[in-house]
Amino acid sequence: EPSSLPHFGPHRRGAAGPDARGMGILMRRAAVVAGVAAARLAGASDDDTGGETRFVAVGDWGIGSGTSKPDERAAMESVAAAMRAYSESFAPSFVLALGDNFYDDGTASVTDPLWTDAWRSVWVDAQDNDGSSSAAAPLAGIPWWAVLGNHDYHQGVAAAETQVARETATDDDEWRMPARLAYVATRTPHVTVVGIDTASLAPHETDATEEPLGGADNVAAALAAIDAVIADAARDATGFLVVVGHYPVRSVGEHGDTQQLVALLLPILRRRRVDLYLCGHDHTLQSLRDSDHPNSPLRFVVSGNGAKLSGRLQELQALDAEAEFASVAHGFTAHVATAATLETRFIGTDGAQLFGISQGPPWRPKCGAADLDSCPDSSAGSDDTGDPDDDDDDSKKDPWAVGTNTAIVLAVALVAAAGVAGGLVARRASSSSKAALGTTTTLGTELAPVPSDEDFDDRAAAPTVV
């Protein structure tokens, strides 16, 4: 009999579990607790260039000059210089900051020195080689839409919220974080972007968020509020729908999948017909398909190597067929959305493209229904491709076909609140049960160690290599 709880251990895949048919009940109950209506925010409409919208994204990136790790400061400066240089011709309309914006402990106030030292002076207000201000500052004057990472919470929730207050409490023209929990960042004819706080869905990933954000009521309210904002975005989206967070849903990096997000967020991404989930946290660059559900065009992109030197890949699991690309190289991602395609380019510190993917057209129909259970199920075993002419009745599908528990946030939170952090809600997998970690920069040819053919003779072809 399938378990009624999601597996939060180190494995990237668990046994099939129930679809938790009470999703709508849970959402309605959580809405009462959260006051979800207040969480629905109208996003700005950033200008697009002709028939496309361009933007860049970077995660885990803000290192102050007083750091005890000067090599990481130097790595950040290299990525920032590359992103500025690339953007001179690429001309992005906005930047997405994917969390862990300020190491090691976030900002303490809206005027914390790190705002200048780790951000403006390096990323925004460009300098020439002699240290003087440069006339070319392509990342100035455009919005930096940001979400919080676990390091941004290290001084507490109030300190983390100074990143929300920065926009209104100062004359900063670039930094944008309208809300901590969820907000619509931008709407253009080609792409709609939603920013969410993944720490509120997985509070037990770090001590700083475990107590203030944990517990059944808090997690249920956060889930409902985040779903409401994504639903609003889906209802109005005319092109691609992108959701931005810090923790990965799927990853072949050191942290692996965030099992709380697999259980709680992934069903929302699928049913709302989100095209791309973009995140950081694992200090890597990655592209992964939603291979558990072959009818799903959802992509997972990790852009979490803006500064840190601790990137690792799970070597044995890296050959999973869903992983198209993974690298510990420093860099960022650049994106081009048109009416028909959404292109993602992985850019290294030398400005060269390491890898690229193109997806499209947008996954339709988007589902903005208030009750998530009203949205079509695009799970494994379903042939629902989003075609409005498809008359297949997914309500008759086997309810056990979904590979992950979709809506058991109350069970998740209650288990966590009971203190079972060493079991189901492990923050980190033990080294004995985790796949070997490596420093290989990509998934293939020039990199060692590579498992022998007989070890993986039943696997699909290895992902593309740089």
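The values are calculated or read from the model by the stated rules, or taken from the named source; none is laboratory data. What you see is a predicted model; the values in this text were computed from it and never measured. Cβ placement follows ideal geometry from the backbone for every residue including glycine, while neighbour counts extend to all protein chains displayed. Just so you know, the surface numbers come from the protein's heavy atoms only, side chains and all, with ligands and any DNA or RNA stripped out. Shrake-Rupley method; radii C 1.70, N 1.55, O 1.52, S 1.80 Å.
Confirm whether Tyr183 is at pLDDT 95 or above, open to solvent by 10 Å² or more (accessible area, probe 1.4 Å) and not hydrophobic (A, V, I, L, M, F, W, C).
no
What number of residues in the stretch 245-297 are within 11 Å of the chain's Cα centre (by Cα) and of a type in the set (Lys, Arg)?
1
Return only the number of the condition from (1) at pLDDT 95 or above; (2) surrounded by fewer than 24 Cβ atoms within 10 Å (Cβ to Cβ); (3) closer than 21 Å to Gly331 by Cβ that His154 does not satisfy.
Among (1) at pLDDT 95 or above; (2) surrounded by fewer than 24 Cβ atoms within 10 Å (Cβ to Cβ); (3) closer than 21 Å to Gly331 by Cβ, His154 violates only (3).
Yes/no matrix, rows are residues, columns are (1) touching a helix residue (DSSP H, G or I) at 6+ places or on another chain (Cβ under 6 Å); (2) open to solvent by less than 10 Å² (accessible area, probe 1.4 Å):
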position	(1), (2)
Asp232	no, no
Asp236	no, no
Phe240	no, yes
Val243	no, yes
His246	yes, yes
Gly253	no, yes
Asp257	no, no
Leu265	no, yes
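Filter the stretch 157-177 for residues that are open to solvent by 40 Å² or more (accessible area, probe 1.4 Å), touching a strand residue (DSSP E or B) at 6+ places or on another chain (Cβ under 8 Å) and either modelled with pLDDT of 95 or more or of a type in the set (S, T, N, Q) (or both) and give the result.
The answer is Arg176, and nothing else.
Regarding Arg271, is this residue closer than 15 Å to Gln359 by Cβ and open to solvent by 10 Å² or more (accessible area, probe 1.4 Å)?
no
With the requirement that a residue be of a type outside the set (Gly, Ala, Ser), open to solvent by 10 Å² or more (accessible area, probe 1.4 Å) and either free of Cβ contacts under 8 Å to residues at least 40 places away in the same chain or not in a loop (DSSP other than H, G, I, E, B) (or both), what does the stretch 274-295 give you?
Scanning the stretch 274-295 gives a single hit, Arg289.
Have a look at Ala81, Ala108, Ala126 and point out the one that is open to solvent by less than 50 Å² (accessible area, probe 1.4 Å) and either modelled with pLDDT of 95 or more or within 16 Å of Asp152 (Cβ to Cβ) (or both).
Going through Ala81, Ala108, Ala126 in turn, the sole match is Ala81.
Within the stretch 111-121, work out how many residues are under 23 Å from Leu278 (Cα atoms) and either of a type in the set (Phe, Trp, Tyr) or modelled with pLDDT under 95 (or both).
Within the stretch 111-121, residues that are under 23 Å from Leu278 (Cα atoms) and either of a type in the set (Phe, Trp, Tyr) or modelled with pLDDT under 95 (or both) number 1.
Are any residues in the stretch 313-324 closer than 15 Å to His255 by Cβ and modelled with pLDDT of 85 or more, and if so, which ones?
Residues satisfying the conditions are Leu313, Ala323.
Tell me which residues, restricted to the stretch 172-208, are over 18 Å from the mean Cα position of the chain (by Cα) and more than 20 Å from Ala237 (Cα to Cα).
Asp172, Asp173, Glu174, Trp175, Asp207, Ala208 - these are the residues of the stretch 172-208 that are over 18 Å from the mean Cα position of the chain (by Cα) and more than 20 Å from Ala237 (Cα to Cα).
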